[in-house]
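Asks: Pasting a structure below so you can have a look.
The values are calculated or read from the model by the stated rules, or taken from the named source; none is laboratory data. These numbers come from a predicted model, not from an experiment. Positions of Cβ are generated from backbone atoms using ideal geometry, with glycine treated the same way; all protein chains shown enter the neighbour counts. Note: accessible area is taken over every heavy atom of the protein model, side chains too, but ligands, DNA and RNA are not part of it. Shrake-Rupley method; radii C 1.70, N 1.55, O 1.52, S 1.80 Å.
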Amino acid sequence: MENYKMYINGEWISGKKENSIKVYNPATGELIAYVPNGGEKETKEAITAAYEALPRWADLPANVRSNYLKKVYQLMIERQEEIAQLMTFEQGKPLKEALGEVFYAAGFVDWYAEEAKRIYGETIPAWSPNKRILAIKQPVGVVAAITPWNFPAAMITRKIAPALAAGCTVVLKPASQTPLTAIKLCQLFEEAGIPKGVVNLVTGSAQVIGNTIMEDKRVRKVTFTGSTEVGKKLMEQSAKTVKNISLELGGHAPLIVFEDANLDKAVEEALASKLRNCGQTCIASNRFYVQESIKEEFIGKLKNRLKDFIVGDGMKEGVLIGPVIDKNSYDKIQQHIKDAIEQGAKLEFGGKSYHNGISQQGGYFVEPTLLSNVRKGMTVAKEETFGPVLPVISFKTEEEAIEMANDTDYGLAAYFFTESLSRSIRVAEKLEFGIIGVNDGRTSTPQAPFGGYKESGIGREGGHFGIEGFLEIKHISIEL
Ligand code: NAP
């Protein structure tokens, strides 16, 4: 078993073993690693390193920063197997999916290596003949990036790549359940020759590291992906030093199937959107609204396909659904299923869950579970389940479907299926969500903006939009 280290100011720092954080394999429950339990001291050291490295990194020509990122991209592609295995080991997703995530994560590095060269300003025609007005963009400063466990690589590169491209320096705090992929990525940042202090990694107590980051005036930007609950807390804390803050939070995505949809296509895309990462994605479809006239046919087709989804250890060939991350998630999913059935939902497929009996620290599995006759008041229709559960609710009219879909405090992703062009545009415009999949259940890609309306967050990551959050706009007024 390896003792992993934190990365601060270009040095690899150990913690005391007796005080370290244990990392478990969620498929087996076995202890796989120790990582340091960094606290206030290490967080402050990381902020100081990032603060001191900032002027030199920001002053580098854009093409030089771009070249560093290109090198990181190449290393990620070369080491794809190694990174993917580590990810499956600590997070549980099937190996093939983990490989997919490595490419997705590397895509952000590739994209922002290019974007670094396109941080354009403007000249603005002045109303006074002897004035000239410029608007230039500059890095926001030291960035703290706090990331979740469900995408241990992509949630990091989606933040760090645009931050570095913009000329910012970074302190990264990854999820305690998946710090190993983060450590591997920092090794690649180092190998790519990125100067010391530009990227720093602190592992340990979220509370202590979080509070230290939020209280430090030198941190000018916090970029967070995780639960809405923690996001709201960070937003409150950011007020004290008026930090720039971006939040990518929870979701509760509706997926609507209209009677004019191509049903086979709708089934395949619904499965892709729901079952990727065992349903543990913020953009996973969480509520399935199916038009009354095609409900039975759609459910029949889904049931047929769900048989193919083998549940097990993601390291095993053929497994399509890995373990859930921990016992809390497992209990929550079971509670959602139980509550729905008690309130009259019909179990159409699955419903079984099991523990492998090795250790309470992992080995929790849930079968894909299809429920029909689901109604509005059931927990499964109100809350983010974060598991492989497909609750089906029927509707009669387009207006009713839109109203039910929008009836939530979340607003991250929504999907719908229709063969009508006018309905595609009409419904896409009415849904109050930041990401809309029209006949498409796989919407995440480095080129496009990603983010939510309402309580799903603030700001956008990805595409050319994703670098804006790491830039300040400076107005320069010149009197001739
Ligand atoms: P979480 O509990 O909010 O944790 C996310 C990160 O925040 C972890 O690194 C965690 O550290 C840290 N954290 C926890 N409490 C903190 C505090 N008081 N101060 C500072 N940092 C703190 O969320 P999660 O359970 O890992 O992730 C699942 C959630 O993320 C779901 O709701 C999902 O929808 C959302 N998500 C959203 C997106 C998106 O782009 N919108 C993408 C992926 C996931 P520890 O691990 O050490 O506790």
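Asks: Please list the equivalent ellipsoid semi-axes of segment 238-356, computed as the square roots of five times the alpha-carbon gyration tensor eigenvalues, in descending order and whole angstrom.
Replies: Details: eigenvalues 155, 91, 53 Å².
Ellipsoid semi-axes (Å, largest first): 28, 21, 16.
Asks: Sequence neighbours fewer than 8 away in the same chain don't count; with that in mind, list the aspartates and glutamates whose C-alpha is under 18 Å from LYS295.
Replies: GLU259, ASP260, ASP264, GLU268, GLU269, GLU348, GLU398, GLU399, GLU400, GLU419
Asks: Positive end of the charge dipole of segment 50-147 (Lys, Arg +1 and Asp, Glu -1 on Cβ, about the Cα centre): tell me which of LEU54, ALA145, GLN85 has its Cα farthest that way.
Replies: Of the options given, the answer is LEU54.
Asks: Another question, then. Run lengths n ≥ 4 of DSSP H only: what is the helix-derived mean residue ellipticity at 222 nm for the chain, with -39500 (n - 2.57) per run over all residues, to the nearest 500?
Replies: -12000 deg cm²/dmol, from helical runs alone.
Asks: Order of 431-443, 345-357 by packing, highest average Cβ count within 10 Å first? Write out the running numbers ahead of the final one.
Replies: Details: 431-443: 19.1, 345-357: 15.5.
The densest-packed peptide leads the list: 431-443, 345-357.
Asks: Next question. Which pairs, out of LYS96/LYS346; LYS137/LYS184; LYS301/LYS346, put more than 27 Å between their alpha-carbon atoms?
Replies: Pairs exceeding the cut-off: LYS96/LYS346; LYS137/LYS184.
Asks: What net charge is computed for the residues neighbouring GLY441, neighbours being all others with C-beta under 10 Å from the C-beta of GLY441, Lys and Arg scored +1, Asp and Glu -1?
Replies: Here the count lands on +1.
Asks: So which aspartates and glutamates pass the test for LYS93, namely a Cα distance under 15 Å, with those fewer than 8 places away in the same chain ruled out?
Replies: GLU81, GLU82, GLU101, ASP313, GLU317, ASP326, GLU367
Asks: Can you give the net charge of the other residues whose Cβ lies under 9 Å from the Cβ of ALA165, counting K and R as +1 and D and E as -1?
Replies: Local charge sum for ALA165: 0.
Asks: OK, next. Using a 7 Å offset from the Cα along the Cα-to-Cβ direction at both LYS338 and GLU40, what is the distance between the two label points in nm, to one decimal?
Replies: Placing both labels 7 Å beyond Cα along the Cβ direction yields 4.1 nm.
Asks: Apply 1/(1 + (r/R0)^6) to the Cβ-Cβ distance of GLN187 and LYS376, taking R0 = 30 Å, and write down the FRET efficiency to the nearest 0.05.
Replies: Efficiency, rounded to the nearest 0.05: 0.05.
Asks: Determine which lysines satisfy two conditions relative to LYS232: a Cα distance under 16 Å, and not lying fewer than 8 residues away in the same chain.
Replies: LYS221, LYS240, LYS243, LYS454
Asks: Calculate log10 I(q)/I(0) of the chain for q = 0.06, 0.11, 0.13 Å⁻¹, where I(q) comes from the Debye formula with a single equal point scatterer on each Cα and nothing for solvent.
Replies: -0.28, -0.90, -1.20
Asks: Give me the accessible area per residue for the chain, probe 1.4 Å, as a whole number in Å². Intermediate values should be presented prior to the final figure.
Replies: Numbers: 19940 Å² over 480 residues.
About 42 Å² of surface per residue is accessible.
Asks: Carbon and sulfur together cover what percent of the accessible area of the chain at a 1.4 Å probe radius? Let's see the in-between values first.
Replies: Details: 10230 of 19940 Å².
With neighbouring chains kept in place, the figure for the chain is 51 percent.
Asks: Ranking request for peptides 125-135, 139-149: highest mean number of other beta-carbon atoms within 10 Å first, then the rest in descending order. Don't jump to the answer; show the numbers that get you there.
Replies: Numbers: 125-135: 10.9, 139-149: 24.5.
Result, highest mean first: 139-149, 125-135.
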